[in-house]
Structure formats: structure tokens, C-alpha cells
Amino acid sequence: MQGSANLNLMIKAARKAGRALVKDFREVENLQVSTKGAGDFVTKADREAERIIKEELRGARPTYGWLGEETGEAAGEDPTRRWIVDPLDGTTNFLHGLPHWAVSIALEHKGEVVAGVVFDAAKDEMFVAEKGMGAFMNDQRLRVSGRRHMIEAIFATGIPFAGRTALPATLQDLARLMPVCAGVRRWGSAALDLAYVAAGRYDGYWERGIQSWDMAAGLILVKEAGGFVSAVREGQDIFGSGSVIAGNAELFQPLCKVLREG
Ligand code: IPD
């Protein structure tokens, strides 16, 4: 894919942070067997990855604003553009030595995400999308799945750390959805859940109680791969509501219908 200078910058930053995280991940796997926990270590890994990304992106585009999971918000001279970054989406997986986590970087322009990169460094899968240019994984064009029947579909969901307040509603969602579809997965990385919808691996995904940095890059991947996204409540803003439904062209509406019945 012939990406813009900004997209190439995002890919470069994601690769650099991903490389550092892969090194830390090998150590976390060793820490797992030798100690009781690796919490502080992971925090350090998250922070270092965000530092690497910030240095790359803000170094090259000092006027853009910033929103990062670890370092929070910073306004830029240019109020129309900001980076939205989760340096390590799937922290709990990382902490447990599970190779399912990603670097997520999005660029927002005038309130709309215009480019996104989700890098699964452990599997070397680089998912990228830019507005109007399509979505790709390692240079291979992505399309959402063509599945048309709910009963054949696999959906993914996420439950924020320790369930938080989203747990009761998500359990109700599961009770309504599971009898009418082929299965529901909960793998612990929203960025990868969305990337997998874009790649046609999942037919849809939803989550309640989610942060913008977890989903910003994934949203444009789904849209550019021919899928649809919205907040759980019809008409609400996705980031504002902290909720999302994503799906392929055929099953997005049926999925919305089931999730909105409650
Ligand atoms: C979490 C993951 C998880 C989702 C949570 C997120 P983090 O991100 O994306 O799948 O269910 O809502 O907070 O904390 O690992 O960056």
C-alpha cells in the first residue's frame, strides 16, 4: 500500500515500539515462572513503548495534539489533529505471557480518525488503514467477512479490566447473542478484535465501557475493509459513549438489533 507520510510515520513508530515490547515480553514470560507477578515490569514496558512512540510522532509532527493511555492528553498548536495511542493494548495478556497484544496508533483530523495502525508484534502482523485507501495486513488487502447468517457467525467482545461497570450489561448481551450465533470470543485486546473484524476473521465485535485509545485505530480498519461501526446506543458518539459495535456489511444490523434489545 502506498501510504501517506503520516501513515509511514505511524508504521515506523509502531514497529519500533513493537520491537521493544517483544524483548520485554520474552522477559515477562521468564518472570512468570520465577516470581509471583510482573505488574511493575509491565507498567515499565507500557511506559517505555509510549515514550518511543511519542518521541517518533511528536518529533516529526510537533504541532499535533496527543492522547496516550499512559501519558494522557496534551494539546498541540494545531487543534485539528491529534494522535491517539495505546502503546500496549492487551496488557493483561502480556502480563500472563499470552502472545495476544498490540500497539495501536490512530491519527484524528477534525474529530474523525483518518489513519490507523494496529501492530501485533508477537505475530508480526501489521494492520494499517487510511481514509479512502483501504485496509491492509502486511500489504495484503483486507475485506470484512461475507458471512450472512447469524447462526454461522463468530463475534468477539471485551470486558474491561475486572469487569468494572460494564459486566452486567455484557452478560445480558451474551445471554441474548450466544443462542443465535456460532460463538463469542473474548481474547483481551480490543485493537486486535477490531483488526480481526477487518480481516474477516471475526464477523463482528462489540464492547461496553471501552476507551478511545483502545479502539481508534481499529475503527478505521473496519470501515476501510468494508464494515460498519457505531456506538451501542443508536445515534450516540462512539468515543463519547465509550461503547462500540462493529460488523461486516451483512451482519452489522442484525448484531445491533440483538445488542439493543436489552
Ligand atoms: C483493554 C483490552 C481489552 C478490553 C479493555 C481494554 P488494555 O486494553 O483492549 O480487550 O476489553 O476494555 O481496556 O488495558 O489492555 O490496554
Practice problem: Mind checking region 1-109 for trypsin sites (Lys or Arg not before Pro) that DSSP puts in a loop (not H, G, I, E or B) and that have at most 12 other Cβ atoms within 10 Å? | Solution: Lys36
Quiz item: Which cross-chain or sequence-distant (5 or more) residues have an amide H under 5 Å from the amide H of Gly227, H modelled 1.01 Å from N in plane?
Solution: Val144
Exercise. Compute the separation of the alpha-carbon centres of region 61-105 and region 155-222 and state it in Å as a whole number.
Key: 19
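Where does the longest stretch of the chain lie that holds no GluC sites (Glu not before Pro) found in a DSSP loop with 14 or fewer other Cβ atoms within 10 Å? Display every interim value, and only then the final one.
Numbers: sites that count: Glu77, Glu234, Glu261.
It runs 78-233.
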Quiz item: Rounded to the nearest 500 deg cm²/dmol, what is the calculated helix-only ellipticity per residue at 222 nm for the chain, with -39500 (n - 2.57) per DSSP H run of length n ≥ 4?
Solution: -12500 deg cm²/dmol
Exercise. List nothing, just return the count: lysine pairs in the chain, 8 or more apart or interchain, with Cα separation under 23 Å.
Key: 22
Quiz prompt | Cα coordinate range in region 150-260, projected on the principal axes (Å, largest first) | solution = 30, 30, 27
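Rounded to two decimals, what is the ratio between the C-alpha radius of gyration of region 1-91 and 2.2 N^0.38 Å? Don't jump to the answer; show the numbers that get you there.
Working: Rg = 14.9 Å, N = 91, 2.2 N^0.38 = 12.2 Å.
Its radius of gyration relative to the 2.2 N^0.38 Å reference: 1.22.
What number results when the radius of gyration of region 69-214, computed over Cα atoms, is divided by 2.2 N^0.38 Å? Mind showing how you got there, number by number?
Values: Rg = 16.0 Å, N = 146, 2.2 N^0.38 = 14.6 Å.
For region 69-214, the normalised Cα radius of gyration is 1.10.
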Quiz item: Antiparallel DSSP bridges in region 150-260: what percent, to the nearest 5?
Solution: 55
Quiz item: DSSP loop trypsin sites (Lys or Arg not before Pro) in region 129-226 with at most 10 other Cβ atoms within 10 Å of their Cβ, which ones?
Solution: none
Self-check item: Mean shadow area of the chain over all directions, Cα convex hull, nm²
Solution: 13.2
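Indicate, rounded to the nearest 5 percent, the antiparallel portion of the DSSP beta bridges found entirely in the chain.
Values: 37 of 49 bridges.
Bridges in the chain are about 75 percent antiparallel.
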Self-check item: At q = 0.12, 0.13, 0.18, 0.27 Å⁻¹, base-10 log of I(q)/I(0) for region 156-217 (Debye sum, equal scatterers on each alpha carbon)
Solution: -0.28, -0.33, -0.63, -1.24
Quiz item: How big is the shadow of the Cα convex hull of region 49-94, averaged over all directions, in nm²?
Solution: 3.1
Practice problem: Can you check what the net charge comes to around Met126, using other residues whose Cβ is under 9 Å from the Cβ of Met126 (Lys, Arg +1; Asp, Glu -1)? | Solution: -3
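Taking every eigenvalue of the Cα gyration tensor of region 111-187, multiplying by 5 and rooting it, what semi-axes result, largest first, whole Å?
On the way: eigenvalues 156, 66, 35 Å².
Taking √(5λ) for each Cα gyration eigenvalue gives 28, 18, 13 Å.
We did not get these values from a lab; they are worked out from the coordinates using the rules stated. If you're wondering where the values come from, they're calculated on a predicted model, not measured in any experiment. Note that we place each Cβ from the backbone using ideal geometry, even for glycine, and neighbour counts take in every protein chain shown.
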